[in-house]
Amino acid sequence: MKFLFALSLLALSFSCIKEDSSSSNQTSNQNQQIVYPSVTAEMKTNFSEDWDNWRFYIGDTTAQVITSFSEDWDNWDLSAAGIQADIFTNFSNDWDNWKLSNGDYVITMTTSFSEDWDNWDINDNANGWHADVTTSFSEDWDNWDVNDNGHILDIQTAFSEDFDNWDVYGDFPSSYPLEYRVAILFVPVIVNVLIIQGIIP
C-alpha cells in the first residue's frame, strides 16, 4: 500500500512540473511580424549636396523642384506630369514669406512669426485650406510635423543631419492636389538649404 501511495505521489509531482514555454513562444514569435511605418514620400537632391536640384517622390508622381538659376534661392521651378508652378519669396531675400503659384493655385508659406523658422503656416485662402508645418522640437531641423485639421504627417531626414535625403511617414489625404503636397514638403527643404548656405541662422 505504501508503495502504491509513493508511486502515485511521484506521478503527481511529474504532472505539476511547469512546461518550458520557450519553444511555443519561439513559434508564436516567428508568426508575429514587426510592422514599421511605411515611407509614403521622399525628397532627395539629384547629387550629394546639390542644393539647387531636388526630386520629390510622392506616391507614383515625381516632381522636380529646382532653382530658376544656379543658387538663386529666392526662385524655384516646380514641374511634374502636367503641372508647372513657381515657388518664390514675396520680395528678394524675404525668407519668411513664400508663394507657390500657377494658374490653379496660389499657396502662401509663411513663418508664424518673423524669423521663426520652426513654425510655418501654409494657406490656400481661395479654397479655405490650411496646414501647420513645425519642427518636432525647437530647432530640431531633422524632424518636422505636419498638422492639417488633425491629419498628421512626419517628415524626417533618412539619417541624422542627412539633409540631402528626407522621408515622409503617413499619407496625404487623397483630395490634396500635388501643389499642396509640394508646398508642405518644400518648407523643411528650404529651411535647411538656407541654414546650410549661412543665409539664416
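Pick from the stretch 77-90 the residues that are without any contact (Cβ under 8 Å) to a residue 24 or more places away in the chain and surrounded by 10 or more Cβ atoms within 10 Å (Cβ to Cβ): which of them is farthest from Trp54 (Cα to Cα)? The residue in question is Asn90. Among the residues of the stretch 141-160, those identified as in a loop (DSSP other than H, G, I, E, B) and at pLDDT below 95 are Asn149, Gly150, Ala158, Phe159, Ser160.
For Glu19, the requirement of being closer than 30 Å to Leu194 by Cβ, at pLDDT below 95 and over 23 Å from the mean Cα position of the chain (by Cα) is not met.
Scanning the stretch 108-125 turns up one or more residues that are in a helix (DSSP H, G or I) and either loosely packed, with under 15 Cβ neighbours inside 10 Å or not acidic (Asp, Glu) (or both).
Within the stretch 96-118, residues that are in contact (Cβ under 8 Å) with a residue 60 or more places away in the chain reach partners that are in a strand (DSSP E or B) and basic (Lys, Arg) with beta carbons closer than 7 Å, at six or more positions or on different chains, in the pairs Ile107/Lys99.
The values are calculated or read from the model by the stated rules, or taken from the named source; none is laboratory data. Everything numeric here is computed off the predicted structure, so don't read it as measured data. A quick note on method: Cβ atoms are made from the backbone with ideal geometry, for glycine too, and the neighbour counts reach across all protein chains shown.
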